[in-house]
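What follows is a short report on a single structure.
The values are calculated or read from the model by the stated rules, or taken from the named source; none is laboratory data. The model shown is predicted, which means the values in this text are computed figures rather than measured ones. Positions of Cβ are generated from backbone atoms using ideal geometry, with glycine treated the same way; all protein chains shown enter the neighbour counts. For accessibility, only protein heavy atoms count, side chains too; no ligands or nucleic acids. Shrake-Rupley method; radii C 1.70, N 1.55, O 1.52, S 1.80 Å.
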Amino acid sequence: MWGETMEDTYDEIDIEIQSPGTYDLERGWMPSADMRIHLGGIERGEDRPWDDVSLPNEVFPDLLRCMAVILENEECAAAFDMGELEFTPVPENDAVGVYFHIDGVPRESRDDSPDLVDRTALVEEIYTTIRRWADEALAINDDLTDADWFREIDTALTDAERVLEEEGIR
């Protein structure tokens, strides 16, 4: 699997979510989103596919929940429209193996090795990316706090902030 020292090579992780759609948000509707996870940094991941997130009120809280589980050094998976993002802790390295499973594509036909990323960098990237998306949405329509779908995201963000504070990360 992975080596036993912190000198191992870790991939950078950048998560990119397209800005929320103005038209839908102005009406209080939940927009879909496109998300791209760049393992190895954004400059190495420009050719990565965008993953459709048609229900951000489910995907974003699921990712934030995984963030808390990762900090407890437990396995977690977040469901996307076309697959799931799997997180496997490597506590001896303070790292996490990240693997995106695509529905209908057998693992043996793909590179089955997860990318190894720093645990703290991963949870910070998950939180800040979703927080930025939510802040952009609120800048377009601050009445979203009354929408059930947005409250699910906002509640998950509040829970994630608490976990980050408890862990001394924020």
Please specify each residue of the range 90-105 satisfying the condition of being at pLDDT 80 or above and either within 15 Å of the chain's Cα centre (by Cα) or farther than 17 Å from Leu116 by Cβ (or both).
-> Val96, Gly97, Val98, Tyr99
Just to be sure, is Ala33 at pLDDT 90 or above, buried (at least 16 other Cβ atoms within 10 Å of the Cβ) and within 14 Å of the chain's Cα centre (by Cα)?
-> no
So, of the residues in the range 136-169 that are within 17 Å of Cys66 (Cβ to Cβ) and of a type outside the set (A, V, I, L, M, F, W, C), which turns out to be surrounded by the most Cβ atoms within 10 Å (Cβ to Cβ)?
-> Glu152
Selection count, the range 58-95, where residues are open to solvent by 20 Å² or more (accessible area, probe 1.4 Å) and not in a strand (DSSP E or B) | 15
In the range 129-170, which residues are polar (S, T, N, Q) and either outside any helix (DSSP H, G or I) or without any contact (Cβ under 8 Å) to a residue 60 or more places away in the chain (or both)?
-> Asn141, Thr145, Thr158
